[in-house]
Amino acid sequence: MNRVIRVAALSFALGLAACGSDQAPVGLTYTLNPATYVAGTAIAPNQAITTGGTPSSFSIIPALPAGLAFSYSTGAITGTPANPAAGALYTVTAGNGGGTTTASVYVAVNQPAAPVIATPPATQVVALDQVVTFSVTATGSGTLTYRWQRDGADVAGATTTSLVTDPVTYLDDDAEFTVTVSDRWGGTVTSAPAKIRLEGFIAGPDMLHARQAHAATRLASGGKVLVTGGFATVILAHADLYDPATGLFVDTGDLVNPRQNHTSSLLPDGRVLLVGGHGGVGGGTPLDTAELFDPVTGTFSSSSPIPMATPRYYHTTTVLADGKVLIAGGLSGAAASSVVDAAEIYDPATHAFLSCGSMGQGRYRHTATLLPGGKVLVTGGYGIGGAALDSAELYDPAAGTFAPTGTMLAARYGQTATLLAADGLVLVAGGFGAGVLDSAELYDPASETFSSTGSLVVGRYFQTATALPGGKVLFAGGLAATEDLSSAELYDPVLGAFTATGPMESGRYLDTATLLESGEVLVTGGWSMNDFGLIGTELFSGAP
């Protein structure tokens, strides 16, 4: 809080001094302007007492507060007041040789405004062993006398308005500190806590229902995450809603049909489309149904009275530029011979499923990625007979057809394909082919070719891959042979390289990873070797 001591305006008339001299100043008027002095601030321009006559000398009793000086020849007050004063009466005497006149004036010094932290120390996410600094600036008066403290201990920068805290290498997660700025007159301000979070995962809230082979979609409004279906001991109809504002999950009703291995897609109008999957008694029935979640009512309803052309699971869905949804591939039965090459389109305007031809190759456990130009890149997967595929194809919404594109460098299924925002390339990584793969490759839509890039730190399949706001891609979990993975790594598109980052607390696959509006990644559920369905979640924060 800024504390102000008012200073009376020093404008007064002095009468004739009773000294009997005709040389005494008559009707002298003294003006001290302005009448406010601020500690720590120099007086400018020069402040003088003026008179209505021509006095030849001045005097003032007692001495002014420290830092101010009175000119006995001009009546000027100059300097920089150093300390606040309660204020005192001073007697000014003006003379012109033959006479004098006096007046009592009240002079005080304002205490400067308390400092304000203009740039607070910001929370930072740092990599393991990274050296990090926090820049802090403050404003107010008396800036040359600021004292800086971090958690009560003095730090360098006591004479400046900005402070860079001591560089520190952080090895522990969740370190927290505050910065306090104070001046010599008692004005003080303390920042909100700044948090240092180690790059990596921390435990998130438990879901209401354990699950794996489920789906998760971030809603358009409010950044909430809808988690649907999946499997624990039975196929689930339950849906949980994660609210980042509260950090908690709430129940949001049941699906029309229990389902696992389905897909979940955000439509342009804010609703969420759930397609296909496994259902039925015992979980062995491929579904030809779909349903819609309405975030306004928080309820699920059948998306169409007309079923899909083909029941399917392990398929892909892709929301096209015009808002329609491409549904491609998958399995239509329990046997590997039931591989689907057919594709269909869901039209939100008519709630109808329409056939849109077939892929050149039936496939499941493949990927489908919307490219910047509007086409959809389909890569790899299992083909008929259970062989991993190295083929890729493009779906052209304008023509409604699939066409082959470049061949991948490795056959793979259970891989991930992630669009890199900076250059429009698609990063295809991991999967299973000739064993568990650590290789990665880049698809260039301009040349329709694949080229090699760096290798994963750990070979993995059925992992998650999430494009982060800064351009990197987070890979987490998955399987390595018969081991579920808790490890995670980051792909840097500038360097074309993968580096390890902080691991998850639980090994998991068949889980989901959803980018939140905050830039964090929410990982939910999944399957571990010790649990058919995990209830726990984790949150990842990464350094930019």
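Could I have the simple spin-label model distance between Ala42 and Asp243, label points 7 Å from Cα toward Cβ, reported in nm to one decimal?
5.8 nm
Take each of the peptides 65-72, 329-336, average the number of other beta-carbon atoms within 10 Å over its residues, and list them starting from the highest.
By packing density, highest mean first, the sequence is 329-336, 65-72.
Determine the gain in length on full extension of the stretch Thr188-Leu495; use 0.36 nm per residue of separation and subtract their C-alpha separation, reporting nm with one decimal. All intermediate terms of the calculation are to be shown ahead of the outcome.
Values: separation 307, 0.36 × 307 = 110.52 nm, distance 4.59 nm.
Here the answer is 105.9 nm.
Show me, for segment 337-349, the HN-Hα J-couplings you get by feeding each phi into the Karplus relation (A = 6.51, B = -1.76, C = 1.60, θ = phi - 60°), rounded to Hz, glycine and proline as x.
Each residue's phi maps through the Karplus curve to give 6, 8, 4, 9, 9, 6, 10, 8, 10, 9, 9, x, 5 Hz.
Could you tell me what a quarter of the Cα convex hull surface of segment 203-293 works out to, in nm² with one decimal place?
5.7 nm²
For Ala175 and Ser451, calculate 0.36 nm times their separation in residues minus their Cα-Cα distance, and state this gained length in nm to one decimal.
Length gained between Ala175 and Ser451: 95.2 nm.
Using a Förster distance of 35 Å, how high is the FRET efficiency between Asp254 and Met529, based on the Cβ-Cβ distance and rounded to 0.05?
Efficiency for this residue pair is about 0.75.
Please sort 462-468, 57-63, 180-186 by packing, taking for each peptide the average over its residues of neighbouring beta carbons within 10 angstrom, highest first.
In descending order of packing, they fall as 462-468, 180-186, 57-63.
Using 10 Å bins from zero, what percent of all Cα-Cα pairs in segment 344-486 falls into each bin?
12, 40, 34, 13, 1
What residues qualify as long-range amide H neighbours of Thr316, i.e. H under 5 Å apart, gap of 5 or more or another chain, H built at 1.01 Å from N?
Ala328
Let me see the P(r) profile for the chain: every Cα-Cα distance counted, bins of 10 Å, each bin given as a percent of all pairs.
In order of increasing distance, the bins hold 4, 15, 20, 16, 9, 8, 7, 7, 6, 5, 3, 1, 0 percent.
Could you pull out every residue, at least 5 positions away or on a different chain, whose amide H is within less than 5 Å of the one on Ala497? Hs are placed 1.01 Å off N in the peptide plane, and Pro or chain starts have none.
Asp492
Does segment 480-544 come out rounded, prolate or oblate, given a ≥ b ≥ c as the square roots of the eigenvalues of its C-alpha gyration tensor, rounded meaning a/c under 1.5 and, failing that, prolate meaning a/b above b/c?
It comes out oblate by the Cα gyration axes.
Expected output is a single nm value to one decimal: the length gained when fully extending between Ser301 and Ala127, i.e. 0.36 nm times separation in residues minus the C-alpha distance. What is it?
On the way: separation 174, 0.36 × 174 = 62.64 nm, distance 4.47 nm.
Gain in length upon complete extension: 58.2 nm.
Give me a comma-separated list of calculated 3J(HN,Hα) values for segment 246-251, in order, Karplus coefficients 6.51, -1.76, 1.60 applied at θ = phi - 60°, integers in Hz, x for any Gly or Pro.
Whole-Hz 3J(HN,Hα) from phi for segment 246-251: 9, x, 10, 9, 10, 6.
Separation between the Leu420 and Leu354 pseudo-spin-labels, each 7 Å from Cα along Cα→Cβ, expressed in nm?
Here the answer is 3.6 nm between the modelled labels.
Could you run the Karplus curve 6.51 cos²θ - 1.76 cosθ + 1.60 with θ = phi - 60° over segment 401-410 and give me ³J(HN,Hα) per residue in whole Hz, x for Gly and Pro?
9, 9, 9, x, 10, x, 8, 5, 6, 9
Local charge sum around Thr123 (other residues, Cβ-Cβ under 10 Å, Lys/Arg +1, Asp/Glu -1)? Mind showing how you got there, number by number?
Working: positive: Lys195, Arg197; negative: Glu176.
Net charge in that neighbourhood comes out at +1.
To the nearest 0.05, what FRET efficiency results for Ile384 and Lys195 with a Förster distance of 60 Å applied to their C-beta separation?
Here the calculated transfer efficiency is 0.70.
Less than 15 Å Cβ to Cβ from Pro493, Lys/Arg counted +1 and Asp/Glu -1: what total charge do the surrounding residues give? Mind dumping the intermediate values first?
On the way: positive: Lys472; negative: Asp423, Glu441, Asp444, Glu489, Asp492.
My count for the surroundings of Pro493 gives -4.
If you count, for each residue, the other Cβ atoms within 10 Å and average over each peptide, how do 147-153, 507-513, 409-415 line up from highest to lowest?
Going from most to least packed, we get 507-513, 409-415, 147-153.
Under 12 Å from the Cβ of Thr233, count the other residues' Cβ atoms, weight Lys and Arg +1, Asp and Glu -1, and hand me the total.
Taking every other residue near Thr233 into account, the sum is 0.
Read-outs: derived from the displayed coordinates by stated rules, not from any lab. Since we're looking at a predicted model, the values are computed, not measured. So basically every Cβ, Gly included, is an ideal-geometry build from the backbone, and we count neighbours across all protein chains shown.
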